[in-house]
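The values are calculated or read from the model by the stated rules, or taken from the named source; none is laboratory data. None of these values were measured; they are calculated from a predicted model. Don't worry about glycine lacking a Cβ; one is built from the backbone with ideal geometry, like all the others, and counts go over all protein chains shown.
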Amino acid sequence: MEVTRYSTNPIPNLYDVKGRATKATLHTGTMPDSKQSYDLLEISQKGRELAAGAIEMQPAHYYGTAEINESLQSVLKGKSPEVSKAVYTLIQSNMFPDGSVSDEQERDALLEMGLSQAKFLADKYLTGEESSKFLSTIQQIAAIAKTRTVDPETGQATYVTPYEKPKGAPDDYISTGELMKRFEPKTYEQLSDAIMNGGDWGNILIQFALRANKNEEWKTRFSEENGRLKNDLRNTKIENRFAGVDTSSMEAFVKDMSNQIQRTSFSNTEFLTRNMQYFTHILGWRN
């Protein structure tokens, strides 16, 4: 099994681009197009043939946005480690299985299976209010997963995530880096290169901030575009071939899901079967 890790690099941000003060204040943030580290798993054929649970992996805690992160943390507070692991595993393995699943039809099937696994968790382990909040959050994550694009040259996958201001920042705050990336992408590339190679990134950043101060239209357009993106993600409809499965018990859920898997058009359904096996393994179910 090969693991490729992509990590974020610190990037200084000007906190305020409206020119409220004469002095520029630098704050440390992260590259806005890559807020967290993530692993791409390349699993060998031999590894795929191992029984579910033979290799135990701790899933990464998906962040997404501050709203998504806080929602997941709140519904999982006080829940068993198994439930928490099941949630973050289905997000990693079903919503964002980069590196291990390249076929788009298989990715779609896994995502839909993840939605049904989330429904089972909501019905069996969460209360009414928690359940609704959790399923809404999972739907947001699935909508973000559906925005996936792959760079044909590097093979790296990217996802569209709504912009959120840092906690405690003014209501009208927008990251200088986000504005630069959106309206002066070449300058953004120069800034990134300067940071990576020890160039004069401070001057690039300050000069852009001065230009941004004189261009209120950038902030207006950025806010409008971000609002439309959030609305589009909220209204993303995902057809789920596994919708309506029996979640009354693990036995009923596994049986119904197995029947649904057999009705799919895939000639080889092993990837779905193994995904379900690992889901039940995490929750301690033995057939």
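May I ask you to verify whether Ala54 is over 27 Å from Gly155 (Cα atoms) and either part of a strand (DSSP E or B) or modelled with pLDDT of 90 or more (or both)?
no
Gln117 versus (1) within 16 Å of the chain's Cα centre (by Cα); (2) closer than 24 Å to Glu129 by Cα: which is the lone unmet condition?
(1)
Considering only region 226-236, I want to know if a residue exists there that is farther than 16 Å from Leu115 by Cα and aliphatic (A, V, I, L, M).
Yes, region 226-236 contains a residue that is farther than 16 Å from Leu115 by Cα and aliphatic (A, V, I, L, M).
Please state which of the following conditions Asn203 fails to meet, knowing it meets all the rest: (1) part of a helix (DSSP H, G or I); (2) closer than 22 Å to Ala143 by Cα.
Of everything listed in (1) part of a helix (DSSP H, G or I); (2) closer than 22 Å to Ala143 by Cα, Asn203 misses just condition (2).
Suppose we filter Gly128, Gly114, Gly177, Gly168 for residues that are in the same structural domain as Phe253 (by TED's automatic domain parsing) and either acidic (Asp, Glu) or closer than 27 Å to Arg228 by Cβ (or both); which single one remains?
On inspection, the qualifying residue turns out to be Gly114.
Return yes or no: is Thr147 over 14 Å from the mean Cα position of the chain (by Cα) and surrounded by fewer than 17 Cβ atoms within 10 Å (Cβ to Cβ)?
no
Here are the criteria: (1) out of contact with any Pro (no Cβ under 6 Å at 6 or more places or on another chain); (2) more than 15 Å from Leu121 (Cα to Cα); (3) part of a helix (DSSP H, G or I). Tell me which single one Lys230 does not satisfy.
Failed condition: (1).
I'd like the full set of residues that are surrounded by fewer than 17 Cβ atoms within 10 Å (Cβ to Cβ) and of a type outside the set (D, E, K, R), limited to region 122-138.
Correct list: Thr127, Gly128, Ser132, Ser136.
Quick one: which residue in Val87, Val83 is among the hydrophobic types (A, V, I, L, M, F, W, C), modelled with pLDDT of 95 or more and crowded, with 21+ Cβ neighbours inside 10 Å?
Answer to the selection: Val87.
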